[in-house]
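Quick notes on the structure that follows.
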Amino acid sequence: MPTITFVSNDNKTVEAPENSNLLRVSLREKGGIPFKCGGGLCGTCKCRIEEGLAHTDAIKAKERKHFSDEEFAAGHRLACQTFVNGDIKVSWVPRP
């Protein structure tokens, strides 16, 4: 099973089934990724895949409204639109 490390939450590490949605895992395991809509519209769940970007699925059209190609190359994704197929480390800017 893939291991997801929530860097911005004291490196909390959890296991998740293959092809798990990153935001759903965060919610279930109290990973801490901020969210509002959960549908790719608001951008609240913006995060950065620090390690393991190759273990995420293809970028969705909804994500293209929030990030540039350079940001995608640097690992930026929307947690609600990202599915995980291997070990990753994810960070985000904590919300007040």
- Note on the structure: Note on region 1-53: residues among the polar types (S, T, N, Q) and at positive phi are ASN11, ASN19
- Taking interchain pairs and intrachain pairs at least six residues apart, which have beta carbon atoms under 8 angstrom, with the first residue in region 38-54 and farther than 19 Å from ARG28 by Cβ and touching a residue at least 12 places away in the same chain (Cβ under 8 Å) and the second aromatic (Phe, Trp, Tyr) and outside any strand (DSSP E or B)? LYS46/PHE67; LYS46/TRP92; ARG48/TRP92
- Quick check: is even one residue across region 53-65 farther than 19 Å from ALA16 by Cβ and crowded, with 18+ Cβ neighbours inside 10 Å? yes
- Message: I need every pair where a residue in region 13-35 that is within 13 Å of VAL84 (Cβ to Cβ) has its Cβ under 8 Å from the Cβ of a residue that is open to solvent by 40 Å² or more (accessible area, probe 1.4 Å) and basic (Lys, Arg), sequence separation at least 6 or different chains.
- Response: GLU29/LYS12; GLY31/LYS12
- For region 66-84, what are the residues that are more than 18 Å from VAL7 (Cα to Cα) and either of a type in the set (A, V, I, L, M, F, W, C) or surrounded by 14 or more Cβ atoms within 10 Å (Cβ to Cβ) (or both)? HIS66, PHE67, GLU71, PHE72, ALA73, GLN81
- Query: Which ones in region 8-32 are open to solvent by 90 Å² or more (accessible area, probe 1.4 Å) and under 19 Å from GLY43 (Cβ atoms)?
  - Reply: ARG24
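The values are calculated or read from the model by the stated rules, or taken from the named source; none is laboratory data. For clarity, every value in this text was computed on a predicted model and none was experimentally measured. A quick note on method: Cβ atoms are made from the backbone with ideal geometry, for glycine too, and the neighbour counts reach across all protein chains shown. Quick note on the areas: whole protein, heavy atoms, side chains included, nothing else; ligands and nucleic acids left out. Shrake-Rupley method; radii C 1.70, N 1.55, O 1.52, S 1.80 Å.
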